[in-house]
Amino acid sequence: MASKYIFVTGGVTSSLGKGIISASLAKLLQARGFSVTIQKFDPYINIDPGTLNPYEHGECFVTDDGAETDLDLGHYERFLNTPTSQANNVTTGKIYNHVITQERKGAYLGKTVQVVPHITDEIKRRLLLLGQTGEFDIVITEIGGCVGDIESLPFIESVRQLRWELPTNDSVVIHLTLLPYLKAAGELKTKPTQHSVRSLSEAGVQPDILVCRSEHPIPPEMRQKIALFCNVKVNSVIESLDAETIYDVPLLMRKEKLDERVIKKLKLTSKQDLDLDSWKEFLGRLKNPTAEVHIALVGKYVELPDAYKSIIESFIHAGAHNECKVNIHTIQSEHLNCDNVHQHLHHLDGVLVAPGFGARGFEGKLEAIKYVRENKIPFLGICLGMQCAIVEFSRNVLGLAEATSTEMNPNTPHPVIDLMESQKEVTEKGGTMRLGAYICELKKGSRAHAVYGKSRISERHRHRYEFNNKYLAQLEQNGMIASGINPDNNLVEMIELEHHPWFVASQFHPELKSTVQTPHPLFVKFIKAAIHYQRNKNQVLI
Ligand code: GLN
């Protein structure tokens, strides 16, 4: 069977949650036995978000095959429990880059290269690519940005063309809009939705289904009105109320029969009865915790929680697994110093030191690590967090006062973290880090081995600097163990402390592989350690 295509567009404002709606619909279709993938088309000109500051669009999500992508791909993986790849995130930059490279090669045979048809042809080729692998019954494409934006025009135009080119029942357009609530008038307003659907129609795309974000239930007469003005059936006006957690959204969409409307429009028949049992079980555990812990997230991008999206979601998965509510306390590492670290951390049950780049907030992270190391508070360090743990240990345990990463001081006499050999010649910034999945071998008898319950793991990376193996013997003699090693190049991928109840850090990013169905073991065991720490602490106090 040829793949069916669902296009998800957005109007009225950005940040309506197209990614969550797409992921929720995909979950429902998957629960009916279809194989589904989701791709995101972003209208910005960066080739990928790898060069973006996290303050711009939040975290950069990395796939197994090393693509630096939009954070929505994280939602897709967390909901569907299936990996995405390079092909799942396309930007305007990628499209133009390809077309211009072709033009330079003379591939257009002297023709004038234009937005229509050359750019739109390339967009269409990419829109269909995953469908042509034969792996998926349904491909959902989320078009980033808002209808009416100059930047999204070529994408909308490509959807228009494809709608005509694909067989009649092979595509569906879902448009996500907002029904603002006017407090003074005491009612929801439909006009912005009408205008947004009109802009989409003017571009030649008539949506089949409207998903209307709203803070209040949409009365039946208002659904009628929206249907009338926007040329959709009244049962295709779907209400999307603010949810307690994003993981409720599949069930809310089920209640509104979004999946049924889509299946009907695509002339599909479910492959199985809707099976959401394990999803509901997860929600049950999430909403009925029997324990509660407080965890510090120490980083420098804390003003924008999206910068740590995958970490925050991993805590939700691990919390649910342990039937434990995880309260995350974000701490700006720039503000941490030896005088206030106790005040910030003494009451917490665990500390995570986050990934990051550059010197800002670096010393504060070291203070946090010194504190948890000395006070035996559970610790998880990720990427820069692991590098910080090594620097802190080198300075305060090995006595190498000037030890640091060459990222922070290229002239340090003790470069315990140093640029990888392969990185030394690299000058381009985009896509040149150590990216994607690499194998790691875990030391038998280590905590890491116990956490994973196996010796060989594969985890995702995104960094340029590495632990400098010249210092390995010295570290190990003093109680810091290299518990995970890449067998191909001997790089240290995990460390832990011998004389500490739970002090683990990884050069890779475990948060990129945690899903609802498969919470990441490092997060699961970290939360377990935090619960344990809290219980012991309380016992001592009693
Ligand atoms: N800045 C560090 C490096 O490039 C760590 C990167 C990260 O935390 N993702 O190696």
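Residues of segment 462-472 that are more than 7 Å from the ligand (Cβ to nearest atom) and in contact (Cβ under 8 Å) with a residue 60 or more places away in the chain: Phe467, Tyr471.
Ile439 meets all of the listed conditions (1) within 16 Å of the ligand (Cβ to nearest atom); (2) touching a residue at least 24 places away in the same chain (Cβ under 8 Å) but one, namely (1). The criterion of being within 16 Å of the ligand (Cβ to nearest atom), modelled with pLDDT of 95 or more and touching a Lys or Arg at 6+ places or on another chain (Cβ under 6 Å) holds for Gly361. Within segment 421-428, is even one residue surrounded by 15 or more Cβ atoms within 10 Å (Cβ to Cβ) and either within 16 Å of the ligand (Cβ to nearest atom) or touching a residue at least 24 places away in the same chain (Cβ under 8 Å) (or both)? Yes, segment 421-428 contains at least one residue that is surrounded by 15 or more Cβ atoms within 10 Å (Cβ to Cβ) and either within 16 Å of the ligand (Cβ to nearest atom) or touching a residue at least 24 places away in the same chain (Cβ under 8 Å) (or both).
Scanning segment 23-58 for residues that are under 14 Å from the mean Cα position of the chain (by Cα) and buried (at least 21 other Cβ atoms within 10 Å of the Cβ) yields Ala23, Ile38, Gln39, Lys40, Pro49, Pro54, Gly58. Does Ser158 satisfy being surrounded by fewer than 18 Cβ atoms within 10 Å (Cβ to Cβ) and not hydrophobic (A, V, I, L, M, F, W, C)? It is false that Ser158 is surrounded by fewer than 18 Cβ atoms within 10 Å (Cβ to Cβ) and not hydrophobic (A, V, I, L, M, F, W, C). Thr101: β-branched (Val, Ile, Thr) and without any contact (Cβ under 8 Å) to a residue 12 or more places away in the chain, yes or no? Answer is yes for this residue. If you go through segment 291-309 and pick out every residue that is part of a helix (DSSP H, G or I) and either crowded, with 24+ Cβ neighbours inside 10 Å or of a type in the set (Phe, Trp, Tyr) (or both), you end up with 2.
Scanning segment 235-285 for residues that are in a helix (DSSP H, G or I) and touching a Pro at 6+ places or on another chain (Cβ under 8 Å) yields one hit, Trp279. Summed over segment 473-515, the residues that are under 16 Å from the mean Cα position of the chain (by Cα), buried (at least 22 other Cβ atoms within 10 Å of the Cβ) and away from the ligand (no atom under 16 Å from the Cβ) give a count of 1. For segment 298-339, which residues satisfy the criterion of being under 13 Å from the mean Cα position of the chain (by Cα) and among the basic types (Lys, Arg)? Once the filter is applied, which keeps residues that are under 13 Å from the mean Cα position of the chain (by Cα) and among the basic types (Lys, Arg), segment 298-339 yields only Lys309.
Between Ser394, Ser455, the distinction of being within 21 Å of Ile481 (Cα to Cα) and surrounded by fewer than 18 Cβ atoms within 10 Å (Cβ to Cβ) belongs to Ser455 only. For segment 274-302, what are the residues that are touching a residue at least 40 places away in the same chain (Cβ under 8 Å) and either over 22 Å from Glu323 (Cα atoms) or of a type in the set (Asp, Glu) (or both)? Within segment 274-302, Leu274, Asp275, Val298, Gly299, Lys300, Tyr301 meet the criteria.
For segment 405-420, the candidate set comprises residues that are of a type in the set (Ser, Thr, Tyr) and within 12 Å of the ligand (Cβ to nearest atom); within that set, the residue that is surrounded by the most Cβ atoms within 10 Å (Cβ to Cβ) is Ser405. When Ala389 is tested against (1) surrounded by fewer than 24 Cβ atoms within 10 Å (Cβ to Cβ); (2) within 13 Å of the ligand (Cβ to nearest atom), just one condition goes unmet, and that condition is (1). Of the candidates Asp349, Asp306, the single residue that is at negative phi, of a type in the set (Asp, Glu) and touching a Phe, Trp or Tyr at 6+ places or on another chain (Cβ under 6 Å) is Asp349. Within the span defined as segment 151-164, one or more residues are in contact with a helix residue (DSSP H, G or I) (Cβ under 7 Å, 6 or more places away or on another chain) and hydroxyl-bearing (Ser, Thr, Tyr). The residues listed here are Gly144, Gly131; of these, the one that is within 25 Å of Ile6 (Cα to Cα), modelled with pLDDT under 95 and surrounded by 18 or more Cβ atoms within 10 Å (Cβ to Cβ) is Gly144.
Rundown of residues vs (1) touching a Gly at 6+ places or on another chain (Cβ under 9 Å); (2) closer than 22 Å to Ile20 by Cβ, yes/no style:
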position: Gly131; (1), (2): no, no
position: Val139; (1), (2): yes, yes
position: Gln161; (1), (2): yes, no
position: Asp170; (1), (2): no, no
position: His175; (1), (2): yes, yes
position: Tyr181; (1), (2): no, yes
position: Ala184; (1), (2): no, no
position: Gln206; (1), (2): no, no
position: Ser214; (1), (2): no, yes
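Pro355 fulfils the conditions (1) over 24 Å from the mean Cα position of the chain (by Cα); (2) within 22 Å of Glu59 (Cα to Cα); (3) within 15 Å of the ligand (Cβ to nearest atom) except for a single criterion, (1). Looking across segment 19-67, the residues that are part of a strand (DSSP E or B), of a type in the set (Val, Ile, Thr) and under 21 Å from Leu258 (Cβ atoms) come down to Val36, Thr37, Ile38.
The values are calculated or read from the model by the stated rules, or taken from the named source; none is laboratory data. Here the structure is a predicted model, which is why all the values come from computation and not from measurement. Neighbour counts are summed over all protein chains in view; Cβ atoms, including those assigned to glycine, are modelled from backbone coordinates with ideal geometry.
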